[in-house]
Amino acid sequence: MEEQVEKVDVCKEHPVVKTLGWLVTGACLLWVGWMARGLMPKRDAGGMPPEVLAMMKPGGPPTVVVKEVEAGAVNTPYEYIGMVEPVQDVELRAQIDGYVLEVHFSEGSVVKRGDPLFTIDAERYQARVDLRKAEIVMAEAELERAESYLKRLEASDARAITQKDFDKARADAAQGRAAVMQAKANLALAEIDLKDTRIIAPVSGRVGRTVANVGDYVSPALGTLVRIVQTDPIRVAFAVTDKDFIKMRENIADGDISKALRIRLRLPTGTVPDMTGERDYEDNVMSAETATMLVRARFSNGRGLLVPNGYVTVLVDMADPAKSAVLPQEALLSDKDGSFVYVVDGGGKAEKRRVATGAIGDGIVAVTGVDVGEKVVVRGVQKVVPGQPVHLAGEVPAQTGEAANK
């Protein structure tokens with residue numbers, strides 16, 4: 001068998017035609033890209049503020065941003081680690097022995113001073129009180145008999161009565177008076193024991209876990225029945241270095257330190273609650289080991305944010321700090337002769353002004369040498385030439401609130 005092979009002629013594309021096709025495709029893609037670029041929104045130079053763009057323009061006086069000098073107070077607080085402690089911490093024990101009839105509180109609850117906590121079976125102690133009352137009646141009757149006999153002897157003829165009888169009658173009367181006093185004292189002790197069958201809260205606070213439940217037998221040997229910790233108000237103790245302590249005393253030499261200082265707290269969460277403490281007291285000696293003075297401040301704790309034995313950061317600053325001229329720290333420059341700023345006068349010229357710095361805090365510095373209301377350069381200081389005009393691109397807005405409140 002013979003195979004027939006069909007010959008197929010393949011038409012090859014000419015190189016010139018192929019090149020023209022690629023050129024047409026590229027032109028179409030360029031046109032589409034150009035049209036898409038025209039439809040896209042235009043962007044400014046990196047979204048920069050207008051005053052920064054103005055400072056980048058070449059030629060003419062240097063463009064700067066100024067800030068008006070304000071009157072404020074740099075009140076940077078001292079910071080110390082403080083431990084929360086209760087003002088009162090009471091451990092209650094049974095003063096008598098007996099079975100617990102009632103427990104009047106729930107563990108972890110808040111009790112008030114005078115609230116009942118435990119009731120101990122009082123039957124035995126009530127009987128003891130009744131017995132002591134009967135003993136008083138018996139002693140008083142015996143005293144009345146002895147005194148009546150002594151009066152009869154005193155009213156009788158002295159010749160018919162011996163001295164021995166008088167002495168015995170007087171002794172019996174004295175012994176009767178002593179017996180009455182002893183019986184009354186025994187009654188008082190019995191009444192104290194009866195009163196101790198009701199254990200009440202001596203202070204207001206939060207109770208913890210109790211070791212005595214209904215039906216338990218308690219006695220003084222059992223130890224602490226329950227502990228009450230006062231939580232409102234509460235106290236925070238912190239150690240102040242000798243340097244800080246003396247410095248505060250120097251700054252408030254003529255005033256009441258309790259009113260001059262403001263004491264606040266920063267919680268472990270980082271928040272500073274709206275609560276101000278009152279100086280409670282400080283130790284009467286400086287620690288020889290750490291050169292610190294232990295100070296205690298009292299706080300209201302209605303919300304329960306302060307937990308005994310917890311740690312907080314104590315912030316101590318001035319309650320009414322003195323005001324002075326304040327500037328942003330970025331406006332402050334320095335050279336070999338000290339600190340200075342550039343002040344822009346009414347004619348638009350920059351003047352180099354020497355200043356003395358004070359307290360610094362939160363990016364604000366207290367200065368002397370400039371007046372409130374004057375304008376100082378805060379941005380673009382690198383291009384400023386003393387005595388030469390500058391172009392104002394803008395002004396930094398005034399501070400919202402005083403630095404003292406930060």
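Determine the dipole magnitude for the stretch 83-146: charges of +1 sit on the beta-carbon of Lys and Arg, -1 on that of Asp and Glu, nothing else is charged, the reference point is the Cα centre, and the result goes in debye to the nearest 20. Write down the numbers at each step before the final one.
Numbers: 8 positive and 14 negative charges, 28 e Å.
Value, rounded to 20: 140 debye.
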Please find the FRET efficiency linking Ala322 to Arg209, where r is the Cβ-Cβ separation and R0 is fixed at 60 Å, and quote it to the nearest 0.05. 0.70
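Which order results if Met318, Met138 are arranged by neighbouring Cβ count within 10 Å, fewest first? Before the final figure, lay out the partial values.
On the way: Met318 17, Met138 12.
In increasing order of surrounding Cβ atoms, one gets Met138, Met318.
So for Asp165, Asp317, fewest C-beta neighbours within 10 Å to most, what's the order?
On the way: Asp165 14, Asp317 19.
Fewest-to-most Cβ neighbours within 10 Å comes out as Asp165, Asp317.
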Taking the Cα centre of the stretch 183-291 as origin, work out the dipole magnitude from +1 charges on Lys and Arg Cβ and -1 charges on Asp and Glu Cβ, in debye rounded to 20. 320
Working out 0.36 nm times the residue gap between Arg93 and Lys352, then minus their Cα-Cα distance, what length gain in nm do you get to one decimal? 85.6 nm
Whole-angstrom gap from the stretch 294-373 to the stretch 168-193, using each part's C-alpha centre: 77
Magnitude of the charge dipole, the stretch 123-195, Cβ model with Lys/Arg +1 and Asp/Glu -1, debye to 20: 100
For a footprinting-style exposure proxy, rank Arg170, Arg264 by other Cβ within 10 Å, fewest first. Arg170, Arg264
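Relative to the present Cα-Cα distance, how much length would full extension add between Leu153 and Asp115 at 0.36 nm per residue of separation?
Taking Leu153 through Asp115 to full extension adds about 7.9 nm, to one decimal.
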So Ala359 and Ala185, fully extended at 0.36 nm per residue minus their Cα-Cα distance, gain in nm 55.6 nm
Please work out the FRET efficiency for the pair Leu222 and Glu278, using the Cβ-Cβ distance as r and a Förster radius of 45 Å; give the result to the nearest 0.05. 0.70
Using label points projected 7 Å from each Cα along Cα→Cβ, tell me how many nm separate Glu102 and Ala260, to one decimal. 5.5
Quick one: what are the phi-derived ³J(HN,Hα) couplings along the stretch 190-202, Karplus 6.51/-1.76/1.60 with θ = phi - 60°, whole Hz, x for glycine and proline? 5, 5, 5, 4, 5, 5, 6, 6, 10, 9, 10, 7, x
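Set the Förster radius R0 to 22 Å, insert the Cβ-Cβ distance between Asp130 and Ala178 as r into 1/(1 + (r/R0)^6), and round the FRET efficiency to 0.05. Display every interim value, and only then the final one.
Details: r = 22 Å, r/R0 = 1.02.
Approximately 0.45, to the nearest 0.05.
Only the coordinates and a few stated rules stand behind these numbers; no lab work does. Just so you know, these numbers come straight off a predicted model, no measurement behind them. Cβ coordinates were reconstructed from backbone atoms using ideal geometry, including for glycine residues, and neighbour counts include every protein chain displayed.
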